[in-house]
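S.K.: Below you will find the structure I want to go over with you.
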Amino acid sequence: MALFDLPPAELRAYRSESTAPKDFDAFWDETLREARAHRLDARFEPVESGLSTVEVYDVTFAGFGGHPVKGWLLLPAGTTEPLPLVVEFIGYGGGRGLPHEHLLWASTGRAYFAMDTRGQGSAWGGGGGTADPVGAAPAYPGFMTRGVDAPENYYYRRVFTDAVRAVEAARSHPLADPARTVATGASQGGGIATAVGGLVPDLAAVAPDVPFLCDFPRAITLTDRHPYREIGLFLRTHRGRAAEVLRTLSYFDAVHFAARGRAPALFSAALEDQTCPPSTVFAAFNAWAHPDKAIEVYDFNDHEGGGPFHDAAKMRWLRSYA
């Protein structure tokens with residue numbers, strides 16, 4: 001399928017009809033307060049990776065509920081002074097993988113942290129190693145409907161909390177500069193980065209690529225691709241529960257975190273993307289609160305977006321911030 005969504009001029013003006021719950025900020029303040037009641041306990045264990053240009057650390061920290069979450073920290077070899085820090089979140093189904101899958105940002109002279117996504121890491125890449133020890137109500141296979149019966153139970157409450165704690169853990173390393181911290185990621189990772197941009201007030205920049213988890217009311221009715229389709233398949237069986245499900249999802253819609261974004265941002269969108277339709281990405285971009293924002297648009301690409309070309313665009317853009 002070629003262009004299937006709104007025309008480019010309408011994308012630039014599009015605003016989501018999703019409405020943030022009145023207690024959105026209170027919900028997240030309380031969620032993070034509960035998480036911070038657990039000691040962060042960030043541990044950095046050196047790893048012999050066979051790589052000579054970077055130093056690798058196997059990281060464990062306490063995320064949601066104090067649960068152990070894994071990550072990798074990569075530093076340019078021989079680092080002695082604090083460096084700008086890039087924290088990256090992973091796409092749907094992937095995990096932190098292996099250290100040699102993450103060489104780009106350390107190669108630019110920055111510290112780099114990759115967070116493992118709890119319960120994922122079994123669909124592609126080098127795998128993951130973080131369990132999700134929380135049970136949930138009946139869900140369609142995948143992650144999109146796990147705990148969708150209530151915001152307090154929803155899977156992404158745990159993931160977004162892990163992500164905020166990942167930033168705190170990475171910043172705690174003496175060779176990472178907290179004042180020059182960037183959140184980034186593609187697809188699911190882009191949605192998580194957008195959430196972090198709304199929850200962490202002092203980031204230097206945020207760079208979400210073709211972000212997932214944006215504008216749920218439009219996404220679940222516009223595309224029949226997974227992962228959004230998981231929600232429709234759940235509702236196909238659980239008839240009459242759409243309002244309840246959309247209420248839960250409203251607490252996790254990246255559009256509402258974007259409205260609270262307090263750092264410069266570079267988004268990307270692909271106009272043939274049926275996985276994360278461009279209007280849903282523009283919904284988050286157009287809502288982004290910080291005035292210093294830009295979006296790269298890839299006219300003839302699907303969910304791969306700009307790929308290595310966008311990596312180059314991000315490297316150029318980040319020179320001004322971190």
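S.K.: Do we have any residue at all in the range 57-75 that's farther than 30 Å from Arg110 by Cβ, surrounded by fewer than 21 Cβ atoms within 10 Å (Cβ to Cβ) and touching a residue at least 12 places away in the same chain (Cβ under 8 Å)?
M.R.: Step one: of the range 57-75, the residues farther than 30 Å from Arg110 by Cβ are 65.
Next cut, surrounded by fewer than 21 Cβ atoms within 10 Å (Cβ to Cβ) only: 65.
Restricting the remaining residues to those that are touching a residue at least 12 places away in the same chain (Cβ under 8 Å) gives 65.
So far as the range 57-75 goes, yes, one or more of its residues are farther than 30 Å from Arg110 by Cβ, surrounded by fewer than 21 Cβ atoms within 10 Å (Cβ to Cβ) and touching a residue at least 12 places away in the same chain (Cβ under 8 Å).
S.K.: Between a first residue in the range 90-118 that is among the basic types (Lys, Arg) and a second residue that is crowded, with 18+ Cβ neighbours inside 10 Å and in a loop (DSSP other than H, G, I, E, B), which pairs have beta carbons less than 6 Å apart while being 6 or more apart in sequence or on different chains?
M.R.: Arg96/Asp116; Arg96/Gly128; Arg118/Thr130; Arg118/Asp132
S.K.: When the range 304-321 is examined, which residues are found to be under 15 Å from Leu104 (Cα atoms), surrounded by 16 or more Cβ atoms within 10 Å (Cβ to Cβ) and small (Gly, Ala, Ser)?
M.R.: Matches in the range 304-321: Ala313 only.
S.K.: Then there is this: Would you call Tyr155 of a type in the set (Phe, Trp, Tyr), touching a His at 6+ places or on another chain (Cβ under 8 Å), under 29 Å from Gly307 (Cβ atoms) and at pLDDT 95 or above?
M.R.: On the way: of a type in the set (Phe, Trp, Tyr): yes; touching a His at 6+ places or on another chain (Cβ under 8 Å): no; under 29 Å from Gly307 (Cβ atoms): yes; at pLDDT 95 or above: yes.
When the stated conditions are applied, Tyr155 does not pass them.
S.K.: Another question, then. Going by what's in this entry, would Asp58 be described as assigned to a loop (DSSP other than H, G, I, E, B), charged (D, E, K, R) and closer than 22 Å to Arg118 by Cβ?
M.R.: Details: assigned to a loop (DSSP other than H, G, I, E, B): no; charged (D, E, K, R): yes; closer than 22 Å to Arg118 by Cβ: yes.
Here the answer is no, as Asp58 does not meet what is asked.
S.K.: All but one of (1) within 26 Å of Thr19 (Cβ to Cβ); (2) touching a strand residue (DSSP E or B) at 6+ places or on another chain (Cβ under 8 Å); (3) acidic (Asp, Glu) hold for Asp177, so report the exception by its number.
M.R.: So Asp177 meets the others, but not (1).
S.K.: Next up: Please go through the range 224-260 and give me each residue that is among the acidic types (Asp, Glu) and more than 24 Å from Ala207 (Cβ to Cβ), ordered by number. Talk me through it step by step, then tell me what you get.
M.R.: So in the range 224-260, the residues among the acidic types (Asp, Glu) come out as 224, 230, 244, 253.
Correct list: Asp224, Glu230, Glu244.
S.K.: State all residues of the range 23-54 that are open to solvent by 60 Å² or more (accessible area, probe 1.4 Å), among the charged types (D, E, K, R) and outside any helix (DSSP H, G or I); if no residue qualifies, say none.
M.R.: Result: Asp23, Arg39, Arg43, Glu45, Glu48.
S.K.: Looking at the range 81-119, which of its residues are polar (S, T, N, Q), touching a Ser or Thr at 6+ places or on another chain (Cβ under 8 Å) and farther than 16 Å from Ala193 by Cβ? Walk me through it before giving the result.
M.R.: Let us first name the residues in the range 81-119 that are polar (S, T, N, Q), namely 107-108, 117.
Adding the requirement that they be touching a Ser or Thr at 6+ places or on another chain (Cβ under 8 Å) leaves 107, 117.
Within the range 81-119, Ser107 is the sole residue that qualifies.
S.K.: Then there is this: Would you point out the residue of the range 240-265, among those that are over 15 Å from Pro217 (Cα atoms) and part of a loop (DSSP other than H, G, I, E, B), that is most open to solvent (accessible area, probe 1.4 Å)? Before you say what the answer is, go through the steps one by one.
M.R.: So in the range 240-265, the residues over 15 Å from Pro217 (Cα atoms) come out as 240, 257-265.
Imposing the further condition that a residue be part of a loop (DSSP other than H, G, I, E, B) reduces the set to 240, 259-264.
Numbers: Gly240: 86, Ala259: 53, Arg260: 65, Gly261: 2, Arg262: 134, Ala263: 3, Pro264: 16 Å².
It comes out as Arg262.
S.K.: Got at least one residue in the range 90-102 being surrounded by fewer than 16 Cβ atoms within 10 Å (Cβ to Cβ) and not acidic (Asp, Glu)? Spell out how you get there, then give the answer.
M.R.: Looking only at the range 90-102, we keep the residues that are surrounded by fewer than 16 Cβ atoms within 10 Å (Cβ to Cβ), and these are 98, 100-101.
Still in the running and not acidic (Asp, Glu): 98, 100.
Yes, because at least one residue in the range 90-102 is surrounded by fewer than 16 Cβ atoms within 10 Å (Cβ to Cβ) and not acidic (Asp, Glu).
The values are calculated or read from the model by the stated rules, or taken from the named source; none is laboratory data. None of the values given here were measured: they were computed from a predicted structure. We place every Cβ from the backbone using ideal geometry, glycine too, and count neighbours over all the protein chains shown. Accessible surface areas use protein heavy atoms only, side chains included; no ligands, DNA or RNA. Shrake-Rupley method; radii C 1.70, N 1.55, O 1.52, S 1.80 Å.
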